[in-house]
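Since the structure comes first, as C-alpha cells, the remarks are kept for the end.
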C-alpha cells in the first residue's frame, strides 16, 4: 500500500479526488485526527478522499453530520486542507486504493499460523513481520480466492498493529494452532456445520476466521478493530432495517415489518412526486419496477433526500421509531441475541466449537507500529453477563438531548434511540442512510459505559 506522500508524487489527473484515505497514516497530523474521528463515528474504513495536491473531502455518507464535524474540527483547532467542497466521494478506484476489511482478517489468520506474538515495533521490524505473514497467505483456507489482497499486506501498518493485537489474544486461547480458515467467501467443508441457519440472518455464526487447535477443537473469532484503547469502540452492529436482509425480521412481528416497508415506500413515493413536480403521479411511481424507481431515486440530489428526511411528513422514520419503541422487552432481548450471537450456544454443547468476540487494538504512530491489548469476550461469558439484563425492565426511548430527523432544528437526518435496563442506558441506537438512497438505511448500535461495565464484572 502506497503512503499518502507517495500517492501525492504520482502523476495524476490534476485535481482528481481519486486517493482513498482509509487509515490515519497521512503526512498531515490534523487529517489523521479527522480520519480517526470519522471512522469512530461511522464504523466505515474509507472516510475521506484526496487529490494529488493533498486536498481532502469528507465522503458523502457524512452529509447529514457535516455541521457536527466542522464544529468538532474547530473545537480541536484542526487545520484541514479542504478541496473546493468539503463533501464528495471522488473517484476512488480509478487511481486510489481502498484497503479491504478482509485484508486484516486474513492477516490475523496468517500471524496465528506463524504463532506470532509481539508488541510495539519499528516500521522496519514490521516489514519483516508482514513478509513472513505473506508466506502463510495461501495456507489460510479461503484466502486463495482473493489473491489481490496479498498485495494489500505491504506497508499496511495500521492493519498489522490490530492484527498483532488480535493474534496475541487468539494464541492465548489456541496456543497450538494447526489450521486457519477465513470465512469471507464461504465456510470450508471442515467447519460448515458450525454455521447453522438460524432465523433470517445469513452466516449467523459471525466468525471472520476459525482456528483449529492441535486438540481437534475449533475456535471462531468475530473480528473488529480500533486504533487505541481510549478511542470509541466500533459499532456493535451495522445492519439494514428494511429489505430482504432486514435485521428486524427476526425480532419484530411480520405485520410490524410489513408496516415499516409500507412506510418506506410511502416516503419515497412522496419524495419522488415532490421533486419531479408532476412528471410522475404518486400512483405511477408506486407501480414502477424497482429498476425504474431506483433510477428516479438516484436522480434526486443527496441534499434533497436529506431535506426530505427532515420533513415532518417523513412517515418512514416516524414509523421506525414507534415500532421499535413499542417492542421493548422482546425487541431488546432479540437484538442482544443477534449482536452477540447467543443462540449459537445450543449448537456447540459438545465443546467442539467456541465463539469469541474480539477487538484488536493498535495503529501506526510515527515510525512505530503500536500494539495494545485486545478486548476478548467468550460466548459463554457474554451470555452470563447478559443474564441480569434479560431479567430487568428493558425500555427503548428517545436518546436524551437528541432531536429526531423530522423535528424542527434537527441537526442530522437520523433516528436516535437508547436502550435502557431498569432506567440505566446501555445501548445508543442510530438509524441512518449511508451513501445511496436506493440502499436500505442502517441500524447501528454503540455500547454505553454502563454496558461495558457489565462485562468487566464477569471477568
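Values quoted throughout were computed directly from the atomic coordinates according to the rules given, and no laboratory measurement underlies them. Quick caveat: nothing in here was measured; it's all calculated off a predicted structure. Neighbour counts are summed over all protein chains in view; Cβ atoms, including those assigned to glycine, are modelled from backbone coordinates with ideal geometry.
For the stretch 309-412, would you read off the P(r) tail past 25 Å as a percentage of all alpha carbon pairs? Let's see the in-between values first.
Working: 2726 of 5356 pairs.
Above the 25 Å cut-off, the stretch 309-412 has 51 percent of its Cα pairs.
Tell me, 31, 369 in order of fewest to most beta-carbon neighbours within 10 Å?
31, 369
Most exposed first by the Cβ proxy, i.e. fewest other Cβ within 10 Å, how do 446, 288, 48 rank?
Details: 446 18, 288 15, 48 24.
Listed from fewest to most nearby Cβ atoms, that is 288, 446, 48.
Using only the Cα atoms of the stretch 246-295, what semi-axes does the equivalent ellipsoid have when each is the square root of 5 times a gyration tensor eigenvalue? Give whole Å, largest first.
Over the Cα atoms of the stretch 246-295, the ellipsoid semi-axes are 26, 11, 8 Å.
Taking 0.36 nm per intervening residue step and subtracting the Cα-Cα distance, what contour gain separates residue 276 from residue 192 on full extension?
Contour length minus Cα-Cα distance gives 25.3 nm.
Determine the distance separating the Cα centre of the stretch 389-459 from the Cα centre of the stretch 271-339; give it in Å without decimals.
The stretch 389-459 and the stretch 271-339 have Cα centres spaced 20 Å from each other.
Starting from 0 in steps of 10 Å, tell me what percent of the Cα-Cα pairs of the stretch 262-367 lands in each bin.
For the stretch 262-367, the pair-distance distribution reads 11, 26, 17, 21, 18, 6, 0.
For the stretch 180-239, just say rounded, prolate or oblate: build the C-alpha gyration tensor, square-root its eigenvalues into a ≥ b ≥ c, call rounded for a/c under 1.5, and beyond that prolate if a/b exceeds b/c, oblate if not.
Taking the square roots of the gyration eigenvalues as a ≥ b ≥ c, the stretch 180-239 is oblate.
So what is the 222 nm mean residue ellipticity for the chain from helices alone, if each DSSP H run of at least 4 adds -39500 (n - 2.57) and you divide by all residues, rounding to the nearest 500 deg cm²/dmol?
Value at 222 nm, helices only, nearest 500: -11000 deg cm²/dmol.
Label the stretch 347-459 by shape, choosing from rounded, prolate and oblate, from the square roots a ≥ b ≥ c of the eigenvalues of the Cα gyration tensor; if a/c is under 1.5 it is rounded, and otherwise prolate applies when a/b is larger than b/c, oblate when it is not.
Judged from the Cα gyration tensor, the stretch 347-459 comes out oblate (a/c at least 1.5, b/c at or above a/b).
Go ahead and run the numbers for FRET between residue 72 and residue 448, Cβ-Cβ distance against an R0 of 25 Å, rounding to 0.05.
My answer for the efficiency is 0.80.
Using 1/(1 + (r/R0)^6) with R0 = 56 angstrom and r between the beta carbons of residue 284 and residue 392, what's the FRET efficiency to the nearest 0.05? List each step's numbers first, then the result.
Details: r = 50 Å, r/R0 = 0.89.
The calculated FRET efficiency here is 0.65.
Grab every C-alpha pair in the chain, bin the distances at 10 angstrom width from 0 up to the longest one, and report whole percents.
Going out from 0 Å in 10 Å bins, the chain shows 4, 19, 28, 28, 18, 4, 0 percent.
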